[in-house]
1. If packing is taken as the average count of other Cβ atoms within 10 Å, what order do 349-357, 182-190 fall into, highest mean first?
2. Can you give the translational diffusion coefficient of segment 131-414 in µm²/s, computed by Stokes-Einstein from the Kirkwood radius over Cα pairs at 4 °C and 1.567 mPa s?
3. Could you run the Karplus curve 6.51 cos²θ - 1.76 cosθ + 1.60 with θ = phi - 60° over segment 235-241 and give me ³J(HN,Hα) per residue in whole Hz, x for Gly and Pro?
4. Over the chain, calculate the relative contact order: mean separation of alpha carbon pairs under 8 Å at least 6 apart, over the residue count, as a percent.
5. In whole Hz and in residue order, list the ³J(HN,Hα) couplings for segment 347-355 that follow from phi through the Karplus curve 6.51 cos²θ - 1.76 cosθ + 1.60, θ = phi - 60°; x for Gly and Pro.
6. Using alpha carbons only, how many angstrom separate the centre of segment 312-350 from the centre of segment 373-399?
7. Evaluate E = 1/(1 + (r/R0)^6) for Asp353 and Asp65, where r is the Cβ-Cβ distance and R0 equals 51 Å; express this FRET efficiency to the nearest 0.05.
8. Ordered by packing density, taken as the mean number of other Cβ atoms within 10 Å over each peptide's residues, highest first, how do 196-202, 374-380 rank?
Amino acid sequence: MRARLALLAALALALLLDSCSGRERSNPLDAANPTSGGAPQGFNAIAGFVSARIVWTPRPDLAIDGFRLYRKAPFDADFVPLAGLQPPSSSTYFDGGLIDGLDYRYRLYFVTQGALSARYAEDVATPGRLRAWTADAAGGRLIQLSPDARDVISVRDGFGAVYSLAVTPDHGPLWIPDNLSGAIRIVDPVNFTAVTVNGFAQQPFTTALDPLDGSAWVCDLTGQVVHLSPSGAPAGRSLPLLLQPAGIATDADSGEVWVTELAGNRVRRYLRDGTPNGARAISSPSRVATDSLTGDGWVTSFTTGRVWRIRQDLLELDSLRLQGPIGVALDWRRRTAWVADALAKELVAIDMDTRAVRFRISGFGEPRDVAVDLDRGEAWVVDRTAGTVYRVSPTGTLLGAASGLGNPHEVRLDRGYQ
């Protein structure tokens, strides 16, 4: 009996100690807390133009003095404090006057009885003038990404099945085609007001802009390419009698138009006013991009696994074999062709002059599209199945990733010249 009582007492003591320990571990200031680790939560440094917006979760419910924010700039030897003590109810701080293209690291501490917490939250932001846009085809969302591709800046709903988009340079309008309803929306990227254009296309798909007047050439998968002015009104002749036009590009100098006919097994070329200027048989062409230096077109084919280089007079210069390429973007300054090889789950960097593969980046789910920042030589690639857009350096280093984007198909960049 005495042994049994001793055992029950020991069990009761153990339960009491465990209960106390559990209560202590639930304290957000406790370094052993499984959720917070003793550091502030919800901490995020969101890059902007010469700035960063720092956000965190406010804690007016805690017995703390507040928060202290520190920053380490590229030219600082260590972290230095920003402003003064932030109250427990605070949740954001705007850090302006930064230098675009440089990494700024931030740390946030709890302050209790005048002392910093042992643990801190940390994040990095790389400000820049670039604006990056993608769309969630499943959720009908237009999404703006931060210039370092680490965060989502804004999300707007109600755009339907968006498989493609086009971005006018210098913060001009966005062209958002809804493949399901046939509507084409011209969106102001500042206040997000939109003009909806109906009646010109049944299944609008990929879009390219005229570099001289900002008008849009929109592929309609039912068999035409429509040409619309920046206001949404018809802009001269459209391009009829096509078999599933899936890819389109405009020449940066002349404004001439290249179109791939997926079902028609052709690449067509038109003058800027829509006058036909030749065609060439190509098996199941997917997308096309133009070389601003030579005027050549680069054409991909997911079905045949090939990438062709086509001269302005539509002579086939050469080709190389991948597995299933779709998106292609050309960095004509550094002579790098970036190709999204969806079937191989790779992003491939190709020397535009020798056609040699410089390197491959693997591990993607379905890299479907790629865009290039000509100022920095960085590639932005869409991984559709991962719902992620990645930012990659000219040498293939991963620089940033924004996830949770649903079902993105394309990414487009506005380099933001003002």
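None of the figures in this text is laboratory data; all of them are computed from the coordinates on show. Bear in mind that the values here come from a model prediction, so they are computed numbers and not experimental data. Quick reminder, even Gly has a Cβ in these numbers, built from the backbone with ideal geometry, and neighbours come from all protein chains shown.
1. Put in order of decreasing packing, that is 182-190, 349-357.
2. It comes out at roughly 70 µm²/s.
3. Here the 3J(HN,Hα) series is 10, x, 6, 9, 10, x, 6 Hz.
4. After rounding, I find 10 percent.
5. 9, 10, 9, 10, 5, 5, 8, 9, 6
6. Spelled out, the Cα-based centre of one part sits 15 Å from the other.
7. Result of the calculation: an efficiency of 0.25.
8. Ranking the peptides 196-202, 374-380 by packing returns 374-380, 196-202.
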